[in-house]
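The values are calculated or read from the model by the stated rules, or taken from the named source; none is laboratory data. None of these values were measured; they are calculated from a predicted model. FYI the Cβ positions are ideal-geometry reconstructions off the backbone, even for glycines, and counts take in every protein chain you see. The area values use the complete protein model at the heavy-atom level, side chains included, leaving out ligands, DNA and RNA. Shrake-Rupley method; radii C 1.70, N 1.55, O 1.52, S 1.80 Å.
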Amino acid sequence: MALSIINIHVNVTGTSTRFFNVLATPLTISDGTTLAATTFLNDSGSAATTFPIVTNGYYNLYINGVLQEGGSYSVSATELTFQTVTGTLPAGTPIIVEAVELVTTL
């Protein structure tokens, strides 16, 4: 059998959408504490209605500019939920949810 060479070109591209919330009041966090998507602004500065559902990608959570561990939160279409963490965030703390969706094409 003769050797044949096959060229496969795979392109992976990503889109990122960010949502911003600067806490107006202190937020006490325990396991299960939620923040509604409607309390965030999107990249355009408009009020968010939902978070995108990421099927092939991931979410990042930044609190005061610091990336949080993946297991410390979850994101659904309607809310951000804190998991396995406790503490209090003071008023004025920025919270950013970033949804990254990856697309692979051949």
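Some observations on this one:
- Scan of region 85-99 for residues that are open to solvent by less than 60 Å² (accessible area, probe 1.4 Å) and either at pLDDT below 95 or within 15 Å of SER30 (Cβ to Cβ) (or both), ordered by number: VAL85, GLY87, LEU89
- Considering region 33-45, and only residues there that are closer than 30 Å to THR104 by Cα and either in contact with a Ser or Thr (Cβ under 9 Å, 6 or more places away or on another chain) or of a type in the set (Ser, Thr, Tyr) (or both), the residue that is most open to solvent (accessible area, probe 1.4 Å) turns out to be SER44.
- Cross-chain or 6+ apart pairs with Cβ under 6 Å, region 65-87 first and under 21 Å from THR50 (Cβ atoms) and in contact (Cβ under 8 Å) with a residue 40 or more places away in the chain, then β-branched (Val, Ile, Thr) and open to solvent by 50 Å² or more (accessible area, probe 1.4 Å): ALA77/THR50; ALA77/ILE53; GLU79/THR34; THR81/THR34
- Positions within region 53-84 being outside any strand (DSSP E or B) and open to solvent by 50 Å² or more (accessible area, probe 1.4 Å), in sequence order: ILE53, THR55, ASN56, ASN64, GLY65, GLN68, GLU69, GLY70, GLY71, THR78, GLN83, THR84
- Selection from region 1-32 of residues that are surrounded by 15 or more Cβ atoms within 10 Å (Cβ to Cβ) and either over 16 Å from the mean Cα position of the chain (by Cα) or basic (Lys, Arg) (or both): ARG18, LEU23, LEU27, ILE29
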